[in-house]
Amino acid sequence: MKKSLIIIGVILIIVVFALFGYYNKFVTANEGVDGQWAQVETQYQRRFDLIPNLVESVKGVMAQEQEVFGMIAEARTKYAGAETADEKAGAATEVESALGRLLVVMENYPQLKSAENVNTLMAQLEGTENRISVERGRYNATVKDYNVMTKRFPANIIAGMFGFGERNYFEAAEGSEVAPSVQF
């Protein structure tokens with residue numbers, strides 16, 4: 001009798017430690033996803049800091065393209081008001097679309113290409129776009145690892161018990177595969 005109680009006690013201790021271990025893994029993975037999203041947001045902020053300077057430089061050369069400037073300002077405002085990662089990703093996609101239109105406008109104005117401040121800002125913005133792409137890829141990889149962990153047995157039972165659910169990937173908005181066109 002005493003021996004069986006000891007065995008049951010040892011089994012309970014093992015189960016409790018396993019439960020704690022899984023819980024801690026989920027907390028760590030969840031924080032990893034949040035931390036990687038913060039990296040994406042850092043690059044978005046860099047983009048948002050560069051865009052007004054680029055817009056002002058371009059505005060000096062071509063005042064008639066107010067629609068594109070308005071789209072950029074509106075998209076930045078939506079991003080600032082977004083609360084969830086999904087809302088922020090959607091707003092960031094709108095910024096990309098408006099920025100794409102601005103780039104098309106710039107291609108059609110040779111005097112913009114020769115302006116040194118525009119060239120410098122464009123180079124910085126291109127670097128930022130590359131960083132955003134890299135950070136989005138890392139975010140999606142982190143989300144994938146987290147989601148796999150929450151779906152594997154027996155971890156999925158423990159994940160459900162503690163409220164660790166599937167996280168959303170960053171996905172491009174519908175229609176973003178189509179290059180923007182600007183008509184003059």
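Every read-out reported here was derived from the displayed coordinates using simple, explicitly stated rules and does not represent laboratory data. Values in this document were obtained by computation on a predicted structure and should not be read as measured data. Positions of Cβ are generated from backbone atoms using ideal geometry, with glycine treated the same way; all protein chains shown enter the neighbour counts.
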task = Pairs only if they're at least six apart or on different chains, beta carbon under 7 angstrom, first in region 146-173 and without any contact (Cβ under 8 Å) to a residue 40 or more places away in the chain and surrounded by 11 or more Cβ atoms within 10 Å (Cβ to Cβ), second outside any helix (DSSP H, G or I) and not aromatic (F, W, Y); list them, first residue then second.
result = N147/E166; N147/R167
note = Residue pairs qualifying under the 8 Å Cβ cut-off, at least six apart or on distinct chains, with the first in region 116-145 being closer than 23 Å to F170 by Cα and the second being part of a helix (DSSP H, G or I) and among the aromatic types (F, W, Y), are I132/Y44; Y139/W37
request  = Please list, ordered by first then second residue, the pairs with beta carbon atoms under 6 Å, 6 or more apart or interchain, first in region 27-50 and closer than 15 Å to G137 by Cβ, second surrounded by fewer than 18 Cβ atoms within 10 Å (Cβ to Cβ) and charged (D, E, K, R).
outcome  = Q36/R138; Q43/R131
Within region 72-84, tally of residues that are within 20 Å of N168 (Cα to Cα) and crowded, with 20+ Cβ neighbours inside 10 Å = 1
key: Number of positions in region 1-26 that are closer than 20 Å to M161 by Cβ and either in contact with a helix residue (DSSP H, G or I) (Cβ under 9 Å, 6 or more places away or on another chain) or polar (S, T, N, Q) (or both)   = 7
